[in-house]
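The numbers here are math on the coordinates, done by the rules we state, and not lab data. This is a predicted model, so every value here is computed, not measured. As a convention, Cβ positions derive from the backbone with ideal geometry for all residues, glycine included, and neighbour counts pool all protein chains shown.
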């Protein structure tokens, strides 16, 4: 009897730790595919507390044959943005603005770090985020750091659960440029710009 109870408890624990899986149709993903005319780029987004400076979230955008955004354990949802297991497709300038505006508010800044890569590295990064699967809450930086460590030129990135630590390591890579977005929207952000999506 104890074995049955323990097995049931373990099953409940595994279900509780699982990540929510979303899978947009092939047609929806193809219809929203967006090719950005900039160079192949890997972009790290870090959401930082304006009060403590600690990291709250990590996202990874890749511009290659198309532009996608890996938003592990993210909560951003929009009916016109296809998602497959935390990979968002169709990252047009309007969708990118929406993503940044969704996270930036009076209590959080968003730091964007870009690095230009070869087309082959960009495609490898897209394949890695697509293959990773849905990410459980609290594992955003861990999943992104695990992916980056597999990409040539990013082997120095430490495996970490901490978005700020990941941001600092990414910033040490040669050629990285950085930009910070601040917003005066209240913490309970009831109005998000969604024009053009």
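Numbers at a glance
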quantity: The stretch 19-75-the stretch 114-157 distance, computed between alpha-carbon centres (Å); calculated: 11
quantity: Alpha-carbon Rg with Dmax, taken over the stretch 87-165, Å; calculated: 13.7, 38
quantity: Computed E for residue 130/residue 51 - FRET, C-beta separation, R0 45 angstrom, nearest 0.05; calculated: 0.80
quantity: Estimated 222 nm signal from helices in the chain, with DSSP H stretches of n ≥ 4 weighted -39500 (n - 2.57), rounded to 500; calculated: -10000 deg cm²/dmol
quantity: Burial ordering of 197, 81, 62, 42, fewest other beta-carbon atoms within 10 Å first; calculated: 197, 81, 42, 62
quantity: Likely footprinting exposure, 129, 144, 111, fewest C-beta neighbours within 10 Å first; calculated: 111, 129, 144
quantity: Length released on extending from residue 173 to residue 197, taking residue separation times 0.36 nm less the Cα-Cα span; calculated: 5.4 nm
quantity: Global form of the stretch 126-183, assessed from the alpha-carbon gyration tensor, a/c cut-off 1.5; calculated: oblate
quantity: Cα shape, the chain, gyration tensor, a/c 1.5 rule; calculated: rounded
